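Trainee: Quick one: the structure is below, and I'll ask about it shortly.
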Ligand SMILES: [Zn+2]
């Protein structure tokens, strides 16, 4: 082995090391800079035979669902759910389902998802009305 090829080999190893380091740095940067997937930003209300209504979490709105359809106002007739969305929170305001389980599930928000038994969901099983706190990729 001459001295020239030895230096050349060393330089190649250095270049390879630098390339690997650069690639690793790039990968870390990509991980740090990508937007958080699934950060909740909207409430998705599922009802009826598969219909879904998406409402941005910051909106303020009352949604009334009766017998699987969205209606203008609550009358207490049929299978009725009144869902309130207000400044990043959602809850089942009233419902005439048998045991009002959906009303007992409390407020759904970024602050409560971690401690709620149903996580990102409010579920009214008897009426098949579901509210999900959803984000991208969910
Ligand atoms: Zn219910």
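Just so it is clear, none of the values below were taken in a lab; they were calculated from the coordinates. On a predicted model such as this, the values are computed, not experimentally measured, just so you know. So basically every Cβ, Gly included, is an ideal-geometry build from the backbone, and we count neighbours across all protein chains shown.
Trainee: Limited to segment 63-93, what total is found for residues that are assigned to a strand (DSSP E or B) and within 16 Å of the ligand (Cβ to nearest atom)? Lay out the reasoning, then the answer.
Mentor: Kept after step one, since they are assigned to a strand (DSSP E or B), are these residues of segment 63-93: 63-66, 69-71, 80-86, 89-93.
Pick out the ones that are also within 16 Å of the ligand (Cβ to nearest atom) and you get 63-66, 80-84, 90-93.
Total meeting the criteria: 13.
Trainee: Now a separate question. Any chance segment 94-109 includes a residue that's in a strand (DSSP E or B), within 18 Å of residue 66 (Cβ to Cβ), touching a strand residue (DSSP E or B) at 6+ places or on another chain (Cβ under 8 Å) and within 12 Å of the ligand (Cβ to nearest atom)?
Mentor: yes
Trainee: What number of residues within segment 110-137 satisfy the criterion of being in a loop (DSSP other than H, G, I, E, B), touching a strand residue (DSSP E or B) at 6+ places or on another chain (Cβ under 8 Å) and near the ligand (Cβ under 10 Å from one of its atoms)?
Mentor: Of the residues in that region, 2 qualify.
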